[in-house]
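Trainee: Quick one: structure below, then a few questions.
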Amino acid sequence: MIKFLLDGILRDRSRSLFPVLTVFIGTAITVLMAGYIGGVMPDMIRMSAHLDAGHVKVTSQGYFEDRTQMPLDMALDDAEEIIVQLEDQFPDMMWKARTRFGGLLDIPDENGETRAQTTVSAQAADLITPGSTELDYLKIRSSVRNGSLPTDPFDIVISENMADAYGLDIGDMVTLMTSTINGSMSFQNFRVAGTVVFGVAALDKGGAIFADIEGARMVLNMNGGSTEILGFFKDDEYTGERAQIVTDWINTNLSVEGDPYSPIAFRFEDVNEFAAMMQWAGAFIFIISGVFIAIMFIVLWNSGLMNGLRRYGEIGLRLAIGEAKGHVYRSMLVEATLIGTIGTILGTALGVFFVYLLQEYGLDISGMGVTDTGNGIYYPDVIRGKVIPACFYVGFIPGIIAPFLGALVSGRGIYKRQTASLFKELET
Amino acid sequence: MTEAKLIHTHDLVKAYPVADREFVALKNVNLEIERGEFAGLVGPSGSGKTTLLNVIGSLDIPTSGSVTVLDSKIEVLSHKQAANLRNLHIGFIFQTYNLLPVYTVAENVEFPLLLLGKSSDERRSMVEDALEWVGLTDKAEMRPAQLSGGESQRVAIARAMVKKPALVLADEPTANLDAKNSHRILETMEKLNAELDTTFLFATHDEKVMQYMKRIISLEDGEVVKDETK
């Protein structure tokens, strides 16, 4: 019987083409979305962790409370000691001190007189130790447009925008005026080693500068300290469960309740709005499946009703020659499942193909201005899908359920058919 | 199914509600049809021919009275039992052939056998036999759209006969056919009646058909007014 139904589906295009196309398109989009999320989410997590949040972030309790103001006086003044402890406790992680601070940059003319001044937002990290991952994690190495990477604690790299705006050249000396952790004023000359273009609005904005952590410590008078310690799993694969073990240990063993200077640790997803985003991403496949089930169900329900009208004679004949209504109804459901299966297989193939293209070639969205959400969440400039296992099965959820539901509802008309009218109906 | 009386109606009444009153389509019809008969229900439009075929074919139930077909009391059958009776023992031939257009001639004929759960080998053999009876072996792989009206009706006969039913009900089977094809169709059915002992019951007002009937039951206003055997 299934072969009989399948032959009918394959031969009667008006019966099968539209439903198969509907399932095909819906499934392909579902698979594409699954592959997109499967690719973008890990990239987004990786990039946001590298640039800002780490897989685990350690700050002082006081700093975290007022983190939007970047209060230097609440920095961890024993950051290097904490790092030694953490490296010993968690050998599968690496720990990096970073400090954010603000200041005024004085740009001199050829006579050493002030030519211009601008406020800057500085990010200090280990930029000069050989083998440091920070140049890569902060995307500096790949983003250098002019000049070179820093080699001295008093080298800085600045955004290309800033260099253009103030006529700064490679090798120019500038003076950074800021305040130390004790609140006293501090001045330090820095050499412009290079300029960078990240393609991320938040990082390319005019006042961004990147300095080595040791140089910053000298300027800020915070020997061995930093505002943040970021922990990264060495395999660069984040999971909330792994991070939870680390934060639990830190908060149990290093944190002192009520002491604003003692460290406190947070998982990646507990910083900014990552948790909500990750939950959303986790549910996304189910949401998109649900949406396409609903859309395709409505379309296929109507298509089933139209088909029921078109095949009125055929169904009548089948009832007349002795096929039970339940059997006709079930055969409609089997037919819908076959149509769903055909559409899903084709749609999955197309969806996986598009995801593969997205994985291999990516889609450059840097020009769209959407790579930075402004809350510490960064999207990669080039979004890449990933052919994940879910791509091969996720389409079957809407692809099979929707046609089945459509036939389930539209086929109920079979039970309203009066067999007593069949002779008349079949002879008109 | 060895009993001679294949169909037995007793005081059969079939009434339909029409607006606020009742239209009586069949009035106290008492009829007996034996196995192997080649009989026709004749009469003008509205005389109750198709209604009687409907009830005998278990497509409808009587309002009162009783109808027994192949030992089954039609008035007490559930929908499923009625479908089963049709599936196993009754073949239908319609005026408009009602072939499934996407399937080949052989597949159209094979369809009732699928419902009976016959094996692939059995089906193939039975379909070949049925097409041979109606002289369409060479058209087995054609689609209905490629056939003439006469050929299409012969396929419909093969479909009705393939399961070798005890009873075939034919409602105006020649209405859409020219004289030559009508005679050929009727000769085919006459031959099957003789060879397979299948009972044929026609509803018709076509003189050509009546010539072939061995028994003519005349209906008028829902009543049997004449019942003559040639």
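Trainee: Once you have the Cα-Cα distance between A:Gln244 and A:Ile298, take 0.36 nm times their residue separation minus that, and quote the gain in nm to one decimal.
Mentor: 15.1 nm
Trainee: Additional query: About its Cα centre, what dipole magnitude does the stretch A:55-270 give when the only charges are +1 on Lys and Arg Cβ and -1 on Asp and Glu Cβ, stated in debye to the nearest 20?
Mentor: 420 debye
Trainee: Along the positive direction of the dipole of the stretch B:142-196 (beta-carbon charges: Lys, Arg +1; Asp, Glu -1; about the Cα centre), which of B:Pro144, B:Leu167, B:Leu192 reaches farthest?
Mentor: B:Pro144
Trainee: Over the Cα atoms of the stretch A:55-270, how large are the radius of gyration and the largest Cα-Cα distance (Dmax), in Å?
Mentor: Cα radius of gyration and Dmax of the stretch A:55-270 are 17.6, 58 Å respectively.
Trainee: A follow-up question, please. Counting other C-beta atoms within 10 Å, which of B:Thr198, A:Thr239 has the fewest, and how do the rest follow?
Mentor: Ascending Cβ contact count within 10 Å gives the list A:Thr239, B:Thr198.
Trainee: Ratio to report: Rg/Rh of the stretch A:1-133, with Cα atoms as the point set and Rh obtained by the Kirkwood method; give two decimals.
Mentor: Rounded to two decimals, Rg over Rh is 1.36.
Trainee: Could I ask something else about it? Could you pull out every whole DSSP H run in chain A that spans at least 20 Å of Cα extent along its own axis and averages 0.5 or higher on the Kyte-Doolittle scale?
Mentor: Qualifying helices, which must be both long enough and hydrophobic enough, are A:13-48, A:274-310, A:325-361, A:396-410.
Trainee: Suppose every Lys and Arg Cβ carries +1 and every Asp and Glu Cβ carries -1, with no other charges. What dipole size does chain A come out with about its Cα centre, to the nearest 20 debye?
Mentor: Value, rounded to 20: 3880 debye.
Trainee: Given R₀ = 41 Å, FRET efficiency for B:Asp138-A:Tyr361 by Cβ-Cβ distance, to 0.05?
Mentor: According to the calculation, E is roughly 0.10.
Trainee: Let me ask something additional. Using alpha carbons only, what's the Rg to Rh ratio of the stretch A:199-273 with Rh from Kirkwood?
Mentor: Answer for the stretch A:199-273: 1.03.
Trainee: Sticking with this one: With loop defined by DSSP as not H, G, I, E or B, and exposure as at most 14 other Cβ atoms within 10 Å, which is the longest segment of chain B clear of exposed GluC sites (Glu not before Pro)?
Mentor: Between the exposed loop sites, the longest stretch runs B:4-140.
Trainee: Please compare each pair in B:Lys118/B:Lys208; A:Lys416/B:Lys73; A:Lys325/B:Lys214; B:Lys5/B:Lys80; B:Lys49/B:Lys230 to a cut-off of 31 Å on the Cα-Cα distance and tell me which ones are over it.
Mentor: B:Lys118/B:Lys208; A:Lys325/B:Lys214
Trainee: When the chain is fully extended, how far beyond the present Cα-Cα distance does A:Val197 get from A:Glu110, taking 0.36 nm per residue of separation?
Mentor: 28.7 nm
Trainee: While we're looking at this one, here's another question. Which value, in debye to the nearest 20, gives the size of the charge dipole of the stretch B:1-122 about its Cα centre, when Lys and Arg are +1 and Asp and Glu are -1 at the Cβ?
Mentor: Its charge dipole is roughly 280 debye.
Trainee: Let me ask you something else. Would the stretch A:144-269 count as rounded, prolate or oblate if I go by the C-alpha gyration tensor, calling it rounded below 1.5 in a/c and otherwise prolate when a/b exceeds b/c, oblate otherwise?
Mentor: Because a/c hits 1.5 or more and a/b fails to exceed b/c, the stretch A:144-269 counts as oblate.
Trainee: Which value, in Å³ per residue, describes the convex hull spanned by the Cα atoms of the stretch B:87-230?
Mentor: Normalising the Cα hull of the stretch B:87-230 by residue number yields 112 Å³.
Trainee: Now, a different point. So how far, in whole Å, is the C-alpha centre of the stretch A:308-362 from the one of the stretch A:29-59?
Mentor: First find each Cα centre; the distance between them is then 37 Å.
Trainee: Now a separate question. What list of ³J(HN,Hα) values in whole Hz, one per residue of the stretch B:186-200 in order, does the Karplus curve 6.51 cos²θ - 1.76 cosθ + 1.60 (θ = phi - 60°) give from phi, with Gly and Pro shown as x?
Mentor: Coupling constants for the stretch B:186-200: 5, 5, 4, 5, 4, 5, 5, 4, 6, 6, 9, 6, 7, 7, 10 Hz.
Trainee: Find, among the trypsin sites (Lys or Arg not before Pro) in the stretch B:74-125, those assigned to loop by DSSP (not H, G, I, E, B) with at most 15 other beta-carbon atoms within 10 angstrom.
Mentor: Taking the stretch B:74-125 and a limit of 15 other Cβ atoms within 10 Å, no loop trypsin sites (Lys or Arg not before Pro) are found.
Trainee: At a Förster distance of 45 Å, what's the computed FRET efficiency of A:Met1 paired with B:Asp221, Cβ-Cβ distance as r, to 0.05?
Mentor: That gives a FRET efficiency of 0.55.
Trainee: To the nearest 0.05, what FRET efficiency results for B:Ser125 and B:Ala175 with a Förster distance of 30 Å applied to their C-beta separation?
Mentor: Computed FRET efficiency for B:Ser125 and B:Ala175: 0.40.
Trainee: To continue, here is another question. For B:Lys164, give me every one of the aspartates and glutamates with a C-alpha distance below 16 angstrom, ignoring sequence neighbours fewer than eight places off in its own chain.
Mentor: The qualifying aspartates and glutamates are B:Glu37, B:Glu110, B:Glu122, B:Glu128, B:Asp129, B:Glu132, B:Glu190, B:Glu195, B:Asp197.
Trainee: While we're on this one: When a/c is below 1.5 the answer is rounded, else prolate if a/b is larger than b/c, else oblate, so apply that to the stretch B:38-121 with a ≥ b ≥ c taken from the square roots of the Cα gyration tensor eigenvalues.
Mentor: oblate
Trainee: Using just the C-alpha positions of the stretch A:258-405 as equal point scatterers, what log10 of I(q)/I(0) does the Debye formula give at each q in 0.12, 0.14, 0.20 1/Å?
Mentor: Here the Debye-derived log intensity ratios amount to -0.74, -0.88, -1.26.
Trainee: Karplus couplings for the stretch B:214-230 from phi (6.51 cos²θ - 1.76 cosθ + 1.60, θ = phi - 60°), rounded to Hz, Gly and Pro as x?
Mentor: 8, 9, 10, 10, 9, 10, 9, 6, x, 10, 7, 9, 8, 9, 10, 10, 7
Trainee: For the protein assembly as shown, compute Rg over Rh where Rg is the Cα radius of gyration and Rh is the Kirkwood radius from the inverse mean 1/r over Cα pairs.
Mentor: Result for the protein assembly as shown is an Rg/Rh of 1.34.
Trainee: What's the exposure ranking of B:Met189, B:Met126, B:Met142, going from fewest to most Cβ atoms within 10 Å?
Mentor: In order of increasing Cβ crowding within 10 Å: B:Met142, B:Met126, B:Met189.
Trainee: I would also like to ask the following. Take the stretch A:261-329, drop everything but the C-alpha atoms, weight them equally and run the Debye formula without solvent; then report log10 I(q)/I(0) at 0.15, 0.25 Å⁻¹ to two decimals.
Mentor: At q = 0.15, 0.25 Å⁻¹ the computed log10 ratios are -0.72, -1.03.
Trainee: Which residue, A:Ser159, A:Val256, A:Ala97, has the largest displacement toward the positive end of the dipole of the stretch A:55-270 when charges sit on each Cβ (Lys, Arg +1; Asp, Glu -1)?
Mentor: Of the candidates, A:Ser159 comes out farthest on the positive side.
Trainee: Next question. Can you give the mean number of other chain Cβ atoms that lie within 10 Å of the Cβ atoms in peptide B:63-72?
Mentor: Partner-chain Cβ atoms within 10 Å, mean over residues of B:63-72: 0.
Taken together, the values in this text are just the output of simple stated rules run on the coordinates, not laboratory data. Just so it is clear, the structure is predicted and the values come from calculations on it, not from any experiment. Cβ atoms come from the backbone with ideal geometry, glycine included; neighbour counts cover every protein chain shown.
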